[in-house]
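J.: Have a look at the structure that comes next, please.
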Amino acid sequence: MVSGEHPTRGSVEGQLTRAALRILAVARLVVALVGGLLGVMSAPAGHELRTAVIVITVSVWSLLYARWLWQGPPPGLAWADVAVLGATGLLQPWTVPPESVGNGQGWVITLVSVAVVFHQWHTKPVPGLASSLMATAAFLVGAWWTTPEMWVGAAAIGAFTPVQAILSRVLVTLLVQAARAADAQEARAEAARREAAVAEAVRADERAHVAMLHDTAATTLLMVGLGEVGSHQQWVREQARRDLAALAGETEVAEGDALPALLEVINASRVRVDLTAPDALPVSPEIATAVRGALREALNNVARHSGETTATVTVADGSVVIADRGTGFRPENVSDRRRGVANSIVERLAAAGAGP
């Protein structure tokens with residue numbers, strides 16, 4: 001994640017970058033404050049005040065730097081930090097004892113080492129490496145001014161700083177690549193879930209359409225073809241009108257009382273129905289429409305298969321019970337090709353959120 005970029009909320013890469021930058025922000029501030037305190041305590045003789053002023057300046061900058069890291073680094077933050085680090089490195093003759101510089105134990109080299117590692121999280125590779133080289137160069141020049149005779153020791157420590165930056169860049173790259181792979185996998189999984197949801201919606205529409213055809217035109221034509229309606233031409237005309245209205249989607253039950261819709265089905269049935277029901281049946285339009293369709297199919301089954309001419313319908317306690325004294329059947333013996341009970345009753349009620 002480079003300077004000026006903001007992670008996509010919810011992505012693995014975004015979460016990784018946010019967490020890393022916030023951890024680095026706290027760590028940078030702690031290093032600056034603790035290192036600065038140690039620097040003041042070990043300031044060269046006669047330079048205590050200068051050391052304190054420089055440490056306070058670096059600490060204030062580190063506080064601002066940490067705040068920007070926490071919120072999301074703006075463009076150019078690493079270069080501004082390099083300028084502060086470079087000035088701090090060049091001022092080592094007034095802030096770090098010569099023996100500490102030569103042994104690589106001064107607070108300045110600690111701050112520089114940590115900073116160049118952190119830069120790799122909010123810069124691109126080339127600027128990140130360049131910033132580490134510039135900060136290291138400033139430290140080495142300041143170390144030379146502080147103690148030329150011990151400069152070799154300081155150079156050995158300083159030379160490892162770009163290596164730290166490279167190792168940090170490798171780690172950042174591997175972590176970001178792994179996060180992006182996880183994001184890509186999640187994106188593929190989400191696309192698969194969307195496709196499955198769309199396919200299921202299409203199948204549900206197809207099943208509903210097939211059920212509607214079965215309950216209307218197919219059933220009416222079958223009864224006519226088998227001669228089950230005899231010479232009842234008026235019933236056929238009215239049934240055809242109801243079938244056309246159902247196929248045109250004009251028969252959804254309106255909001256409010258579902259009982260009139262059930263009475264319409266009972267009055268159009270070819271069997272006599274003894275109804276026991278309350279004065280009203282307040283349910284949602286979706287459930288009312290599904291119950292009406294299931295009731296119609298159940299009464300058609302009574303007329304066609306039971307051998308009876310009467311049935312009872314009882315509406316009570318949120319349920320509709322259809323009963324007859326016919327021959328009955330075993331559900332497990334019904335062919336999978338038969339759609340009446342499975343599609344027109346069970347699936348229709350389940351799709352509307354009602355039980356069969």
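The values are calculated or read from the model by the stated rules, or taken from the named source; none is laboratory data. Quantities reported herein were computed from a predicted structural model and do not represent experimental measurements. Heads up, the Cβs are rebuilt from the backbone with ideal geometry, glycines too, and the neighbour counts pull from every protein chain shown. These accessible areas exclude ligands, DNA and RNA; they are computed on the full protein's heavy atoms, side chains included. Shrake-Rupley method; radii C 1.70, N 1.55, O 1.52, S 1.80 Å.
J.: Only residues that are outside any helix (DSSP H, G or I) and open to solvent by 20 Å² or more (accessible area, probe 1.4 Å): list them for region 105-122, please.
T.: 105, 121
J.: Taking the residues in region 240-282 that are part of a helix (DSSP H, G or I) and open to solvent by 70 Å² or more (accessible area, probe 1.4 Å) as candidates, determine which candidate is modelled with the lowest pLDDT. Lay out the reasoning, then the answer.
T.: First, the residues of region 240-282 that are part of a helix (DSSP H, G or I): 240-247, 259-268.
Cutting the leftovers down to open to solvent by 70 Å² or more (accessible area, probe 1.4 Å) gives us 241, 244, 247, 260, 264, 267.
Working: 241: 65, 244: 63, 247: 60, 260: 82, 264: 79, 267: 81.
Only one residue tops the list, namely 247.
J.: Does residue 77 satisfy the condition of being in contact with a helix residue (DSSP H, G or I) (Cβ under 6 Å, 6 or more places away or on another chain) and either over 26 Å from residue 99 (Cα atoms) or open to solvent by 40 Å² or more (accessible area, probe 1.4 Å) (or both)?
T.: yes
J.: When only residues in region 143-154 that are part of a helix (DSSP H, G or I) and either open to solvent by less than 20 Å² (accessible area, probe 1.4 Å) or modelled with pLDDT of 95 or more (or both) count, which is nearest to residue 96 (Cα to Cα)?
T.: Filtering region 143-154 for residues that are part of a helix (DSSP H, G or I) and either open to solvent by less than 20 Å² (accessible area, probe 1.4 Å) or modelled with pLDDT of 95 or more (or both), the one nearest to residue 96 (Cα to Cα) comes out as 143.
J.: Six or more apart or on different chains, Cβ atoms under 6 Å: show the pairs whose first residue is in region 269-281 and free of Cβ contacts under 8 Å to residues at least 24 places away in the same chain and whose second is in a strand (DSSP E or B) and charged (D, E, K, R).
T.: From region 269-281, the pairs are 280/257.
J.: Would you pick out the residues in region 13-32 that are under 16 Å from residue 113 (Cα atoms) and surrounded by 15 or more Cβ atoms within 10 Å (Cβ to Cβ)?
T.: Of everything in region 13-32, those that are under 16 Å from residue 113 (Cα atoms) and surrounded by 15 or more Cβ atoms within 10 Å (Cβ to Cβ) turn out to be 24, 25, 27, 28, 29, 31, 32.
J.: Keeping to region 310-338, report how many residues are modelled with pLDDT under 80 and in contact with a Lys or Arg (Cβ under 9 Å, 6 or more places away or on another chain).
T.: Qualifying residue count for the region: 0.
J.: Given the conditions (1) surrounded by 17 or more Cβ atoms within 10 Å (Cβ to Cβ); (2) not in a helix (DSSP H, G or I); (3) not hydroxyl-bearing (Ser, Thr, Tyr), which single one is not true for residue 46?
T.: (1)
J.: If a residue has to be within 14 Å of residue 273 (Cα to Cα) and either of a type in the set (Lys, Arg) or open to solvent by 20 Å² or more (accessible area, probe 1.4 Å) (or both) to count, how many in region 299-325 make the cut?
T.: Looking only at that region, the number is 14.
J.: Which ones in region 61-74 are modelled with pLDDT of 90 or more and either farther than 22 Å from residue 126 by Cα or in a loop (DSSP other than H, G, I, E, B) (or both)?
T.: The answer is 61, 62, 63, 64, 66, 67, 70, 71, 73, 74.
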